[in-house]
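The values are calculated or read from the model by the stated rules, or taken from the named source; none is laboratory data. Bear in mind the structure is a predicted one, so any value in this text is a computation, not a measurement. Methodologically, a virtual Cβ is constructed for each residue, glycine included, from the backbone with ideal geometry; neighbour enumeration extends over all protein chains shown. Areas reflect the complete protein model, heavy atoms only, side chains present, ligands, DNA and RNA absent. Shrake-Rupley method; radii C 1.70, N 1.55, O 1.52, S 1.80 Å.
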Amino acid sequence: MKVLKTGAAVAAAVALALTATACGGGTKDGAAGSSGDAKKDKVVIGIKFDQPGVGLKTPEGKFTGFDVDVATYVAKELGYAPEQIEFKQAVSAERENLIANGDVKFVVASYSINDKRKEKVDFAGPYLLAHQDLLVRADDSSITKAEDLNKKKLCSVTGSTSAQNVKTKLAPEADLLEQGGYSECLTGLENKKVDALTTDNSILAGYAAQEKNKGKFKLVGLSLSNENYGIGLKKGDKDLQTKINAALKKMVADGAWETAVKNNFGPADYKNEPAPQITEGS
């Protein structure tokens with residue numbers, strides 16, 4: 001009996017090993033085929049945790065927003081089910097470090113493509129064209145253009161290009177306050193410690209549309225810059241870049257992109273641009 005039991009155990013072990021091999025196992029990159037093979041264990045994706053409508057972690061621990069929808073769709077095309085995704089907070093100043101250190105596979109975090117960032121990371125996309133705008137208190141009529149920020153307090157987040165754009169090009173006498181997240185800026189705006197919050201209109205629209213903020217703030221309605229959101233990944237990973245670009249094109253083609261825009265920005269009456277052409281990696 002012992003021989004029979006041992007033989008059965010060996011056979012079971014061999015069968016298990018063969019099954020693991022057939023399933024692809026491990027965490028190798030590459031999109032799963034249509035048959036569902038080559039599934040991976042987990043993928044870590046960097047997103048924002050404090051941007052309503054874009055990337056938000058709710059008190060219940062759920063993740064919502066346009067970037068979350070894009071990240072989930074791309075992950076699906078790479079072979080990951082939603083339950084295999086781990087979202088990691090990617091504050092503006094740490095996005096390049098998270099990618100370079102391998103803490104995340106890629107970053108989908110209102111990450112504007114520019115030449116300075118491309119010295120450190122590669123991008124896929126872009127997947128959204130936003131414009132820099134200003135958010136002010138609903139009863140403030142003193143700010144109608146960027147130049148009105150001279151001698152006023154302007155808030156944005158550390159590592160963001162938006163505040164520097166205003167400070168260097170449009171309102172050099174603005175008193176710039178940089179915070180760790182947009183939530184701190186919004187609190188300062190509500191408490192009249194700052195006069196305006198600047199970042200992309202998509203992000204500002206998300207904040208203004210929150211139930212608790214309705215009637216408190218308004219978008220000035222400016223287009224101070226063009227912000228092409230890209231998906232950041234480790235420099236030189238052309239294979240992953242190609243696969244993500246293909247996923248983004250598919251998301252637009254099958255209507256999922258338009259649905260995500262309407263679901264996340266529609267309540268704020270956000271006037272989005274059409275889906276941009278993929279330029280990175282081409």
By residue number, the members of the range 248-282 that are under 12 Å from residue 127 (Cβ atoms) and hydroxyl-bearing (Ser, Thr, Tyr) are 279
Filtering the range 49-70 for residues that are in a loop (DSSP other than H, G, I, E, B) and closer than 17 Å to residue 208 by Cα leaves a count of 6
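Mind checking which residues of the range 109-155 are of a type outside the set (S, T, N, Q) and in a loop (DSSP other than H, G, I, E, B)?
Within the range 109-155, the subset of a type outside the set (S, T, N, Q) is 109, 111, 113, 115-131, 133-140, 143, 145-149, 151-155.
Answer for the range 109-155, where residues must be of a type outside the set (S, T, N, Q) and in a loop (DSSP other than H, G, I, E, B): 109, 111, 113, 119, 120, 138, 139, 140, 143, 145, 151, 152.
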- [ ] Say whether the condition of being part of a helix (DSSP H, G or I), over 21 Å from residue 94 (Cβ atoms) and either open to solvent by less than 70 Å² (accessible area, probe 1.4 Å) or touching a residue at least 12 places away in the same chain (Cβ under 8 Å) (or both) is met by at least one residue in the range 211-233.
- [x] yes
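Looking only at the range 261-282, which residues are modelled with pLDDT of 80 or more and over 27 Å from residue 240 (Cα atoms)? Steps first, answer last, please.
Within the range 261-282, the subset modelled with pLDDT of 80 or more is 261-265, 272-281.
Within the range 261-282, 262, 263, 265, 272 qualify.
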A careful count of residues in the range 156-184 that are surrounded by 15 or more Cβ atoms within 10 Å (Cβ to Cβ) and outside any helix (DSSP H, G or I) gives 12
- request: For residue 243, state whether it is open to solvent by 80 Å² or more (accessible area, probe 1.4 Å), farther than 29 Å from residue 198 by Cβ and at pLDDT 95 or above.
  value: no
Here the residues within the range 184-217 that are of a type in the set (S, T, N, Q) and modelled with pLDDT of 85 or more are 187, 191, 198, 199, 201, 202, 213
task: Could you tell me whether residue 107 is open to solvent by less than 10 Å² (accessible area, probe 1.4 Å) and of a type in the set (A, V, I, L, M, F, W, C)?
output: yes
Checked the range 75-98 for anything among the basic types (Lys, Arg) and open to solvent by 30 Å² or more (accessible area, probe 1.4 Å); matches are 76, 88
